[in-house]
1. Would you be able to say whether some residue in region 85-98 is more than 27 Å from residue 134 (Cβ to Cβ) and at pLDDT below 95?
2. How many of the residues in region 84-106 are in a loop (DSSP other than H, G, I, E, B) and in contact (Cβ under 8 Å) with a residue 60 or more places away in the chain?
3. Whether any residue in region 14-31 is out of contact with any helix residue (DSSP H, G or I) (no Cβ under 8 Å at 6 or more places or on another chain), exposed (fewer than 12 other Cβ atoms within 10 Å of the Cβ), touching a residue at least 40 places away in the same chain (Cβ under 8 Å) and within 19 Å of residue 128 (Cβ to Cβ) is what I want to check.
4. Give the residues of region 107-128 that are in contact (Cβ under 8 Å) with a residue 12 or more places away in the chain and more than 18 Å from residue 58 (Cα to Cα), sorted by residue number.
5. Within region 56-83, can you find the residues that are part of a strand (DSSP E or B) and farther than 18 Å from residue 22 by Cβ?
6. Could you please find all residues in region 32-47 being at pLDDT 95 or above, loosely packed, with under 13 Cβ neighbours inside 10 Å and in a loop (DSSP other than H, G, I, E, B)?
7. Name the residues in region 74-101 that are surrounded by 14 or more Cβ atoms within 10 Å (Cβ to Cβ) and under 14 Å from residue 15 (Cα atoms), would you?
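The values are calculated or read from the model by the stated rules, or taken from the named source; none is laboratory data. These numbers come from a predicted model, not from an experiment. Here the Cβ is made from the backbone with ideal geometry for all residues, glycine too, and neighbour counts use every protein chain on show.
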């Protein structure tokens, strides 16, 4: 059976992290993301990373927030980010700020076709893929 609606895009996803400040500093330095602290509910201040029309909400471990995944742990994330900047330039920047590239440029498959991707890890060990469409 087909749903009577269509999902348009991902708005945000959540990473469970050991240290919100350290995570924000890393993604700011490595990928130019901006930290946003927001009030989810009165008195409930949370943090997120903003980039383009998207955001990554950050939950500290152990997360006091509800609802949440059944087993929220640090280092379980694995996601891909798309950039128009040539991947060689991205790699050079990451290396210049001390980020170790785990997988050098390689061909992968994305939602819209072939990707040229690199992989590295954030402070919690989450696997981050940054890619260009070929």
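1. So far as region 85-98 goes, no, none of its residues is more than 27 Å from residue 134 (Cβ to Cβ) and at pLDDT below 95.
2. Residues that pass the stated criteria total 2.
3. No: region 14-31 contains no residue that is out of contact with any helix residue (DSSP H, G or I) (no Cβ under 8 Å at 6 or more places or on another chain), exposed (fewer than 12 other Cβ atoms within 10 Å of the Cβ), touching a residue at least 40 places away in the same chain (Cβ under 8 Å) and within 19 Å of residue 128 (Cβ to Cβ).
4. Here is the first cut: in region 107-128, the residues in contact (Cβ under 8 Å) with a residue 12 or more places away in the chain are 107-108, 110, 112-128.
If the condition is that a residue be in contact (Cβ under 8 Å) with a residue 12 or more places away in the chain and more than 18 Å from residue 58 (Cα to Cα), then 107, 108, 110, 112, 113, 114, 115, 116, 117, 118, 119, 120 are the ones that fit.
5. Kept after step one, since they are part of a strand (DSSP E or B), are these residues of region 56-83: 56-60, 78-82.
If the condition is that a residue be part of a strand (DSSP E or B) and farther than 18 Å from residue 22 by Cβ, then 78, 79, 80, 81, 82 are the ones that fit.
6. Across region 32-47, the qualifying residue is only 32.
7. Step one: filter region 74-101 for residues surrounded by 14 or more Cβ atoms within 10 Å (Cβ to Cβ), giving 74-77, 80-83, 87, 90-91, 93-94, 99, 101.
Selection gives 74, 75, 76, 77, 80.
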